[in-house]
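The values are calculated or read from the model by the stated rules, or taken from the named source; none is laboratory data. Small disclaimer: the values here were computed from a predicted structure and weren't measured. Please note: Cβ atoms are built from the backbone with ideal geometry, for glycine as well, and neighbour counts cover all protein chains shown. With ligands, DNA and RNA removed, areas are computed over all heavy atoms of the protein, side chains included. Shrake-Rupley method; radii C 1.70, N 1.55, O 1.52, S 1.80 Å.
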Amino acid sequence: MTSALRSPSMPFGATLLSGGGVRFGLWAPSHDSIGLELDGATPRPMLAEPGGWHALEVPEAAAGTRYRFVLPDGLRVPDPASRHQPEDVHGPSEVVDPAAHRWTDGGWRGRPWAEAVVYELHIGAFTPQGSFRAAIERLPHLASLGVTAIQIMPVADFPGGRNWGYDGVLPFAPDASYGRPEDLKALVQAAHGHGLMVLLDVVYNHFGPEGAYLHAIAPQAFTDRHKTPWGAALNFDGADAGPVRDFFIHNALYWIEEFHLDGLRLDAVHAIIDDSPRHLLDELAERVRAAVPDRPVHLVLENEENQASRLTPAHYTAQWNDDVHHVLHVAATGERSGYYADYQGNTELLGRALAEGFAFQGEMMPYRGHPRGEPSAGLPPAAFIAFLQNHDQIGNRAFGDRLSHIAPAAAVRAVGAVALLLPQVPMLFMGEEWAAAQPFPFFCDFGPDLADAVREGRRAEFARFPEFADPATRERIPDPLAEATFASAKLGWEDMAKPEHAEALAWHRAILAVRHAEIIPHLPGIRQGGTWRVLAPGAVDIAWALPDGGTLRLRTNLSDTPLASTTETGRVIWREGEGLGPWSTCWSIEESA
């Protein structure tokens, strides 16, 4: 008979037992026998159980024990559900007691989504030390800025000492380069003490290319019936899909329950391909919400398909709104490469994205060559997250340059005033608040078998852009494997004191104070998109009905051509520029009669 469990239980991995000892479990349906190696000792046989499972209770094992599973061919592998990898992805896993941390945030009940001002950060580049503990020291800055939620880029264990996080291979193990699991818990606890929600970016659409031993442990976890841009698709809808679905659903529950997180951002869900009657995304959301009924849990999507139907209170809270980024980016920069060509000069799309959420709501998108999106005007604006910058939009540029490096200052202010007071939920990328001088280039730390392919792939990616037609220019693209590339991304916090950065910081603090005072109180009552009209190329007038009968109005001219001013009505709450002059933005509230 199985001993009682002392800590939160999953069918996967290592679970501490109430009477002492540890139960180890592994799903490996292709293998008749599995060995368990503890602290480097001779492997002992595990017991085969129905459904492809292997299990063993070890009375002498405890928190701190290091272990591996040994496959019949002798391959020694970490636990796919490892909670900690002290020697990185190729080393042994460590038993962790998930109940050992003494939480002090018992009074924290979360925050409503309408209050969200999101700040995306990368743990490794956020501070010089690049650790969970070091990030705690910067939380007072974020709270005083007006941020109410930090969104942490993926921390699932990846190979090497630096990575964006989207190449993780052990989804339950916070990467050891950032600290131990209890260090992440300490960061969450400290954030709650400052009134900050914590959201974590998770990747449920693929595994990274190095250290993904699950291919050898359970090839049934993958399928060749579906394809992703990053390699083998996960098997969410075929034979043996049950344990695969459970693995990722338990991962979502793990972060919310064991780490007290306030929500998750699910990466690229358009690449989670599931043709079963109940899509994994539906089951995951339902299971998470049922497990945590007593506080808000915010589930956020990245979804290139712009499926408005997924954004319901019972399922997903909001979606990153790339369309708002694209219309504001092309307005500020004039860029027209790649997908930007579909937005450049199209003021109709500008008005629609700002007012209704998605710019493409089922129409043909020329860059993609097929229709994109679903009608979104009926959704509340807070179902969308608006941003001028994020890790993708900066880091997927050849040199990782930020918007403040490539657009005129007046344009940056004008589009910033749009994004930060829009009824959609705003998001800043780390350092944006002081116009950080540091870039955010792509970086990783793969072994020699992959290094050259990654370097050449990065340069080949930009070969189709006219500005990189010259091979010598492509050679200037930072080497993603070089430690110097990673070092260049680390924020220079000392820069905040310099006049040009101090001015940007003061501006952001002021406009977020206006958001908290003038926009957030109205958001719960704005239940659908606004109405909009084009004033001139690059200029729009948008109105949202307020629950008290008033109107929130935006008039903006995102061009360098002055327009004749219209008569202003209502109380102005923020203004950039003069009237409808070049790069002007005016927000006002018209009170009900």
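Summary table below
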{"item": "Every residue from segment 155-169 that is in contact with a helix residue (DSSP H, G or I) (Cβ under 9 Å, 6 or more places away or on another chain) and within 20 Å of Ile256 (Cβ to Cβ)", "result": "Val155, Ala156, Gly165"}
{"item": "Test for Thr567: is it of a type in the set (Ser, Thr, Tyr), assigned to a loop (DSSP other than H, G, I, E, B), exposed (fewer than 15 other Cβ atoms within 10 Å of the Cβ) and at pLDDT below 95", "result": "yes"}
{"item": "Matching helices (runs of 4 or more DSSP H) fully within segment 351-459 where at least 3 residues are crowded, with 18+ Cβ neighbours inside 10 Å and in contact (Cβ under 8 Å) with a residue 60 or more places away in the chain", "result": "391-395, 409-421"}
{"item": "Test set (1) surrounded by 13 or more Cβ atoms within 10 Å (Cβ to Cβ); (2) among the charged types (D, E, K, R); (3) out of contact with any strand residue (DSSP E or B) (no Cβ under 8 Å at 6 or more places or on another chain) - Asp73 fails condition number", "result": "(1)"}
{"item": "Total residues in segment 52-70, condition touching a Phe, Trp or Tyr at 6+ places or on another chain (Cβ under 9 Å) and open to solvent by less than 60 Å² (accessible area, probe 1.4 Å)", "result": "9"}
{"item": "Among the residues listed as Leu253, Leu187, the single one being open to solvent by 10 Å² or more (accessible area, probe 1.4 Å) and assigned to a helix (DSSP H, G or I)", "result": "Leu253"}
{"item": "Residue match in segment 315-324 (condition: over 21 Å from the mean Cα position of the chain (by Cα) and open to solvent by 10 Å² or more (accessible area, probe 1.4 Å))", "result": "no"}
{"item": "Output for segment 17-33, where each listed residue is within 19 Å of Asp246 (Cβ to Cβ) and either of a type in the set (A, V, I, L, M, F, W, C) or open to solvent by less than 10 Å² (accessible area, probe 1.4 Å) (or both)", "result": "Phe24, Gly25, Leu26, Trp27, Ala28"}
{"item": "Enumeration of residues in segment 338-348 that are open to solvent by less than 40 Å² (accessible area, probe 1.4 Å) and not acidic (Asp, Glu)", "result": "Gly338, Tyr340, Tyr343, Thr347"}
{"item": "Any hit, segment 140-152, residues being free of Cβ contacts under 8 Å to residues at least 40 places away in the same chain and touching a helix residue (DSSP H, G or I) at 6+ places or on another chain (Cβ under 9 Å)", "result": "yes"}
{"item": "Any chance Leu199 is open to solvent by less than 10 Å² (accessible area, probe 1.4 Å), farther than 25 Å from Leu428 by Cβ, touching a His at 6+ places or on another chain (Cβ under 8 Å) and not charged (D, E, K, R)", "result": "no"}
{"item": "Test result for Arg555, part of a helix (DSSP H, G or I) and crowded, with 16+ Cβ neighbours inside 10 Å", "result": "no"}
